[in-house]
Amino acid sequence: RTQGTLDHHDILAVEKEFRLPVGPFTVLGYIDRVDRVDDETVEVLDYKTNRLLFTRDEVDSSLQMSLYHLAARQLWPWAKKVKLTFLMLRHGLRMTTERSPEQLEAAMRYVETVGRMTEEATEFPPRLNSNCVWCDHRSKCPAYAEALKGKRDFVCENTDDLPAVAREREEVARLVKILSDRKAELEGVLKTHLQEHDELVLAGTRYRMFNTAKTEYPLEPTVETIEKATGMERASLVARLAAVDKKALDALLKELAGRLDKPKLMLLKAELEAAATISYSPRFWAKAV
Ligand code: SF4
């Protein structure tokens, strides 16, 4: 519904690769979708599944969108105007922005500066992050080795000092992620051995695998049984009890990816998201700035 009545002929590209020259560098990227709006305007659409909406400031200053604007102008040189839209699928909202020539110039300068800094840097001090567990260098990384030992650099002594609270929170969050990934890795090793042994007793701990039970009630017989027993109306029972299983729906959409063309599939996904009931609950969120 949020897509309106879109003619597929107006979709110029889906998952479009671009290579944007920036000084001596090339930025490689992919744009989710580009639509032709009119004879002089294209609209770049970026699908987002974020739980939280962006702020207006984030939308208007997004470097990603600035680069998409430049790429769209390069790919469709006839387009004098470029609309930039984040499609917030969970919320059924479009967050649209534009870029001024000054913002585009600043984005180019920023990317070139980052490129030069990366080229000129002689030292790359390790910075723990959420991808450490997949890093090929972790066995040689001193920061990762310290993190595995749970080494902390900073403890906030006064919780009225909010910057200190934030600093410790971020340090703890990084360690928790690394340690929990490590725990999963170690458990994977033990589970492999438990395929051959009923139990393992190691270093004072007993390990076993056991089955957990999960009860599922198939819709039709469940509704029919309650209907018969209580006389409740079928329609109200279905409305109350039935909900589409997200995993099953995702699996079906994955299957359909082989049968539907990409624009159709993307529209179908957007329609389903728009029809879904979304409930909100407060959630703590943190992002490096
Ligand atoms: S393990 Fe070390 S080198 Fe690898 S990503 Fe983490 S901090 Fe960087």
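Quick notes
- Order of 65, 209 - criterion: other Cβ atoms within 10 Å of each residue's Cβ, fewest first: 209, 65
- The reciprocal of the average 1/r between distinct C-alpha atoms defines the Kirkwood hydrodynamic radius, which for the stretch 83-196 equals 18.8 Å.
- When every Cα-Cα distance of the chain is counted in 5 angstrom steps from zero, the calculated P(r) takes the values 1, 4, 7, 9, 10, 11, 12, 12, 11, 9, 7, 4, 2, 1, 0, 0 percent.
- ³J(HN,Hα), Karplus 6.51/-1.76/1.60, whole Hz, each residue of the stretch 171-182, x for Gly, Pro: 5, 5, 4, 5, 5, 4, 4, 5, 5, 6, 5, 5
- Loop GluC sites (Glu not before Pro), the stretch 208-288 (other Cβ atoms within 10 Å of the site Cβ: 12 or fewer; DSSP): 216, 233
- Partners for residue 228 among lysines (Cα-Cα distance below 26 Å; same-chain residues under 8 apart left out): 214
- Annotation note: GluC sites (Glu not before Pro) in the stretch 136-179 located in DSSP loop regions with a Cβ neighbour count of at most 15 within 10 Å are 157.
- Nearby lysines by direct alpha-carbon distance to residue 80 (threshold 21 angstrom, same-chain neighbours under 8 apart not counted): 16
- Order of 141, 132 - criterion: other Cβ atoms within 10 Å of each residue's Cβ, fewest first: 141, 132
- Stokes-Einstein diffusion for the stretch 8-120 at 4 °C, viscosity 1.567 mPa s, with a Kirkwood radius from C-alpha pairs, works out to 88 µm²/s.
- Maximal additional length on extending the residue 38-residue 272 stretch stands at 81.5 nm, based on 0.36 nm per residue less the C-alpha distance.
- Hz values of 3J(HN,Hα) by residue in the stretch 54-60 - Karplus curve (6.51, -1.76, 1.60), Gly and Pro given as x: 6, 7, 4, 5, 5, 5, 6
- Exposure rule at most 13 other beta-carbon atoms within 10 Å, DSSP loop trypsin sites (Lys or Arg not before Pro): the chain longest free segment: 153-213
- Within the chain, percent of DSSP bridges classed antiparallel, to nearest 5: 75 percent
- Placing dummy labels 7 Å off each Cα toward the beta-carbon, the span from residue 262 to residue 203 is 4.8 nm.
- Förster radius 51 Å - calculated FRET efficiency between residue 217 and residue 145, Cβ distance, rounded to 0.05: 0.55
- For the stretch 270-280, Karplus couplings with θ = phi - 60° (6.51, -1.76, 1.60), whole Hz, Gly/Pro x: 5, 5, 5, 4, 5, 7, 6, 8, 10, 10, 10
- Over the chain, relative contact order from alpha-carbon pairs under 8 Å, at least 6 apart, %: 15 percent
- Span from the the stretch 100-146 Cα centroid across to the the stretch 172-205 one, whole angstrom: 31 Å
- Considering only the stretch 44-162, percent of DSSP beta bridges that pair antiparallel, nearest 5: 50 percent
- Ranked 267, 241, 45, criterion: other C-beta atoms within 10 Å, fewest first: 241, 267, 45
- Comparing the stretch 219-275 with the 2.2 N^0.38 Å rule of thumb, its C-alpha radius of gyration ratio is 1.57 (two decimals).
- The stretch 47-130: GluC sites (Glu not before Pro) falling in loop per DSSP and having at most 13 other Cβ within 10 Å: 98, 123
- Note on the stretch 132-208: the alpha carbon radius of gyration divided by the globular reference 2.2 N^0.38 Å gives 1.47.
Taken together, the values in this text are just the output of simple stated rules run on the coordinates, not laboratory data. No experiment lies behind these values; they were computed from the predicted model shown. So basically every Cβ, Gly included, is an ideal-geometry build from the backbone, and we count neighbours across all protein chains shown.
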